[in-house]
Amino acid sequence: MGNITIKNLTFAYPGQAPLFDRYQLNIDGSWKLGLLGRNGRGKTTLMKILLDQRKFQGQVQSNLPFAYFPQPIADPDALAWEALSESNPQLEQWQVERELRLMAVDPIILWQTFATLSGGEQTKLLLAALFAQPGSFPLLDEPTNHLDQRGRRQVADYLQNKHQGFIITSHDQDFLDRVIDHTLVIERHQLVLERGNYSTYFAQKSRRDQQAISQNEQLHADIKRLRSAKQQRLQWAQRAEHEKQNNAHADKGFIGAKAAKMMKKSLTMTRRLDQAASDKEGVLQEVEEVAPLTITQLPSTHPTLLELDQVGLTVSGRQLFDNLSFKVAPHDCVLLTGDNGSGKSSLIKAIMGQPVDQVTGTIRLAHGTKVSLVRQQYTDQHGSLTAFAQRNHLPVDQLLNMLRKLGMERASFTTPIDQMSMGQQKKVELTRSLLTPAQLYIWDEPLNYLDTYNQEQLVQLIKQEYPAMLIIEHDQHFIDEVATKSVTI
């Protein structure tokens, strides 16, 4: 297997600060490399550069045959196998079936319409097709999105047993710990390449951050002390000069020499002060700033905001579930779990009054209850952030402030939403929900594309404010942290 050598890589989107600035990098093609970093730092962009799909300055040298996940599907309304083979005519059916079996997936899904497969089924099928290509070097961009817990275990086991290298992005910490053996992290002003998994990197990053914070505190104390000493010497020199001018009996030679000495010491302290201030400017540049989030929660007098009684759901003639009953009261955080394709997202559509094939039982939403939704799919987001705020009746300044808290750089505020990274688009969707006044929050896989810092922000917000929530999520750490009850379909 070959290597990847990057020399003086520089890249910036038009009108924005550089994502990469003269970066150097050497990657061994046998590594199972986790590509990490906060949203908008350029993870997907780096993959596109490796695929020669972005113009850049510098050199990228490699003989690896890169293959990108997720692959585009030209005709999602065709049978899955036909859709795959149309996109890649060299693909052999038996190869894809072999990879599906290694993933513990029934190859029968090849003969279902691609568009009718769940997001998790589509993910596993596209992964199987990618690894079925002999000699390819996979670039896997967020494969854990839309995978349920069982699906994540299946894919983790599958990748763990692969005797080949790849590059993968994901924000599922447990998944990465099982899969990768090296990490490449795009930090604020540098690339950090280390041996080990996510936990290894994060422990080292935490130590580096703590050292930087301690150094910053020491420099702050030094600056305060130097400023005080400098001011004292200046005051003494000024008093001495005043005495020299106004006291005819004073030893003016002695006073002048003493004043000059104090002024010299003051200038020395000024230089030391400037150096300490300069050192302080750079010491925290790689420490991630994480601000607490807020939510526009409205009070409710209803003891129950949402109630499902013996609800069943049938889609395309197939019954997904029946006899589902639960309630969401104020301050409840109900986690709705279940395998991909079990009907969780379809249930949310039914709750929101959107068309679903057949619903039995009773869904009661308390009278006058305002619902704020985070959707899995938000392809209708487009245009500027200002126009988005106006369409959704949100204050522009609050929208931008919340996005900054979520880690979005100000330079991205002028980028049209549909040209933002998937993580940035998810932050826009999440911000809309947080700023929309509501008594009930319904979130469909809110952690997709969000980095671990954002995930922790949401955990802390929910544990502090206790909004009434119904959430679909597969991240076990998040479920353990926030759920007051869990309902499994």
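What follows draws every value from the coordinates through simple rules; no lab data is involved. All of these numbers come straight from a predicted model, not from anything done at the bench. Positions of Cβ are backbone-derived with ideal geometry, glycine not excepted, and every protein chain shown enters the neighbour counts.
Laid out as a table, the results:
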{"item": "Extension gain, Thr484 back to Arg188 (0.36 nm per residue minus Cα-Cα distance, nm)", "result": "103.0 nm"}
{"item": "Check: region 1-151 dipole with +1 on Lys, Arg Cβ and -1 on Asp, Glu Cβ, in debye", "result": "880"}
{"item": "Placed amide H near Ala12: partners under 5 Å, 5+ positions off or other chain", "result": "Leu19"}
{"item": "Cubic angstrom per residue, convex hull over Cα atoms of region 3-203", "result": "122"}
{"item": "Sequence ranges 363-376, 326-339, ranked by mean other-Cβ count within 10 angstrom, highest first", "result": "326-339, 363-376"}
{"item": "Considering only region 306-488, percent of DSSP beta bridges that pair antiparallel, nearest 5", "result": "45"}
{"item": "Rounded to whole Hz, the Karplus (6.51, -1.76, 1.60) HN-Hα couplings of region 168-180, x for glycine and proline", "result": "9, 10, 6, 10, 8, 4, 4, 4, 4, 4, 7, 9, 9"}
{"item": "Ranked by how many other beta carbons lie within 10 Å on average, peptides 122-128, 145-151, 460-466 from highest", "result": "122-128, 145-151, 460-466"}
{"item": "Length released on extending from Thr414 to Ala12, taking residue separation times 0.36 nm less the Cα-Cα span", "result": "143.3 nm"}
{"item": "Cα lying deepest toward the dipole's positive end in region 330-489, options Asn448, Gly368, Gln358, charges on Cβ", "result": "Gly368"}
{"item": "Under-5 Å amide H pairs with Val374, H placed in peptide plane, nonlocal only", "result": "Ile442, Trp443, Asp444"}
{"item": "In nm, spacing of pseudo-spin labels at Gln173 and Arg391 (7 Å Cα→C-beta vector)", "result": "3.5"}
{"item": "Peptide ranges 444-452, 202-210 listed from the most packed, as the mean C-beta count within 10 angstrom indicates", "result": "444-452, 202-210"}
{"item": "Amide H within-cut-off set for Leu320, under 5 Å, with H built and near neighbours excluded", "result": "Leu313, Thr314, Val315"}
